[in-house]
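Below is one structure, written out as structure tokens; the observations come after it.
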Amino acid sequence: MKDITGRNKTNMQLDNRSLLLSLIKNNENICRKDLAELSGLTGAAVTNLIRALVEVGIVSEHRDYQGTRSRNAISLKINYEKYLIIGVSFRRGSINYGVADLSGKVLKRHELFLDLDQSVDHVFTALSTAIDNCLEEFAEKGTIVGLGLASPGPINNKKGQISFLTNVEGWKDVPIKKYFQDRYDFPVILIEAANATAIAEKWFGCAQDSKNFISVLVSKGVGAGIVLNNNLYYGNAGYAGEIGHASINYNGPLCQCGNRGCLELYCSTLTLLKRAQAVYGTKLLKKIDDLFRFSNGNNQELINLVKENGQYLGYAIVNIINSFNPELIVINSEIKHFGDIWLQAINSSVNSRLLPESFSDIAIKYSALDNDPVFLGAIAMVCEYVFNKPQLGYFKEKEKITS
Ligand SMILES: [Zn+2]
């Protein structure tokens, strides 16, 4: 049967409301007449939709209009600060969590030092307590509109589960979304870590004006968040962008996934660290930061390892550029401490293997986000959810969400 969704009046109202909120978000000093012109909706429809948004409190009216309309026009603004989001970024070794407002401004951020090799129950109980404390602390400061959970993948989006975590016992088919949704009465959104970085770039970073871009996250694993026509591409179940398991050497070593020569075996932070440790020992080099300090910018042997790492990543990036023809590739990793050394290695590897006209048409750059981009992505994902399907119930003060 074809996957067809009819458009009833409620859907259309949500879409129109979403459109108006986006226009207000992206245009300062906008009034109802501007909204009608930009949206193509009638003046009466805009008036009705805006009235409801003002009533629930997400939009406010201001007498400081300075545009080209009549001086009596009223400018409309979004009350970002009245609405709060809880964001959680799972990592191996610690969990970042905190509170931001609907503009993405981070109001509180904490790190919970929990090893994911502890039991799922233990980790979830500790995290629930931390979230409960946030809710209590911010109870009078705004309305919670959602909880964003970002985790290393693969994530099964259909089931709301972490499918498995490599190198961590017991974390298999973990029903994380259900656990937290059963506990809280606001929407809970689950997102894979690399996808989270893509959404963070789209909302707060360097991809705000890009419709087709890819965010590459190189940590202990490697993943890509693919945005096509402004939407995150999940694939069938949510596994799209698992480029860490794309082979760059079909005769290479066997990977845990069953494939051979996977990118992760050549280019993760773990691989780089292990290769450096093989030369300099494990005492001196425990994490990527140590590597950077130790290299002091001129240790040629270490620099060559970093360049080789970038070269391998470049091979995989060529494949994703040839598959998706994006306008921008954004790279997030601790390895960016090495600055131009790593980025130039990536660029020259891509340049040497891509059609010249494709290479001249694409930008490959580091993320400019200075906070944990996965944590910001968990926040951004809730922003996206709320702005895409803005049900009025989300915005009513301290009222339970029923649908
Ligand atoms: Zn693999």
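Quick notes on this one:
- Residues in segment 101-113 that are surrounded by 19 or more Cβ atoms within 10 Å (Cβ to Cβ) and under 20 Å from Lys177 (Cβ atoms): there are none.
- Residue that is nearest to the chain's Cα centre (by Cα) [pool: residues in segment 352-370 that are surrounded by 17 or more Cβ atoms within 10 Å (Cβ to Cβ) and not hydrophobic (A, V, I, L, M, F, W, C)]: Ser367
- Applying the criterion of at least 3 residues that are out of contact with any helix residue (DSSP H, G or I) (no Cβ under 8 Å at 6 or more places or on another chain) to the helices (runs of 4 or more DSSP H) found wholly in segment 6-94 leaves 9-26, 43-56.
- Test result for Ile144, closer than 24 Å to Trp203 by Cα and without any contact (Cβ under 8 Å) to a residue 60 or more places away in the chain: no
- Total residues in segment 88-113, condition modelled with pLDDT under 95 and β-branched (Val, Ile, Thr): 1
- Residue selected from segment 235-269 under the condition surrounded by fewer than 17 Cβ atoms within 10 Å (Cβ to Cβ) and among the hydrophobic types (A, V, I, L, M, F, W, C), by the criterion nearest to the chain's Cα centre (by Cα): Ala237
- Breaking point among (1) closer than 19 Å to Phe387 by Cα; (2) surrounded by 15 or more Cβ atoms within 10 Å (Cβ to Cβ); (3) at pLDDT below 95, for Asp34: (1)
- Within segment 378-403, considering residues that are outside the structural domain of Gln181 (by TED's automatic domain parsing) and over 20 Å from Val59 (Cα atoms), the one modelled with the highest pLDDT: Thr402
- Those residues of segment 173-206 which are among the basic types (Lys, Arg) and within 29 Å of Asp370 (Cα to Cα), in sequence order: Lys177, Lys202
- Glu81 out of contact with any strand residue (DSSP E or B) (no Cβ under 6 Å at 6 or more places or on another chain) and within 30 Å of Asn371 (Cα to Cα): no
- Set Ile288, Ile329, Ile317: member being away from the ligand (no atom under 16 Å from the Cβ), over 30 Å from Leu355 (Cα atoms) and within 29 Å of the chain's Cα centre (by Cα): Ile288
- Matching entry among Gly170, Gly225 (being of a type in the set (Gly, Ala, Ser), more than 18 Å from Ala368 (Cα to Cα) and either in a loop (DSSP other than H, G, I, E, B) or in contact with a Gly (Cβ under 7 Å, 6 or more places away or on another chain) (or both)): Gly170
- Among the residues making up segment 195-222, those that are buried (at least 19 other Cβ atoms within 10 Å of the Cβ), among the polar types (S, T, N, Q) and not in a helix (DSSP H, G or I) are Ser215, Ser219.
- Any hit, segment 176-183, residues being under 23 Å from Gln118 (Cα atoms), more than 23 Å from the chain's Cα centre (by Cα) and not in a loop (DSSP other than H, G, I, E, B): yes
- Filtered residue count, segment 120-154, keeping only those that are of a type in the set (Val, Ile, Thr) and over 27 Å from Pro390 (Cα atoms): 4
- Residue count for segment 225-265, restricted to those that are touching a Lys or Arg at 6+ places or on another chain (Cβ under 8 Å), on the phi > 0 side of the Ramachandran plot and near the ligand (Cβ under 9 Å from one of its atoms): 0
The values are calculated or read from the model by the stated rules, or taken from the named source; none is laboratory data. Predicted, not measured: the structure shown is a model, and the values here were computed from it. No Cβ is skipped: glycine too gets one built from the backbone with ideal geometry, and neighbour counts run over all protein chains shown.
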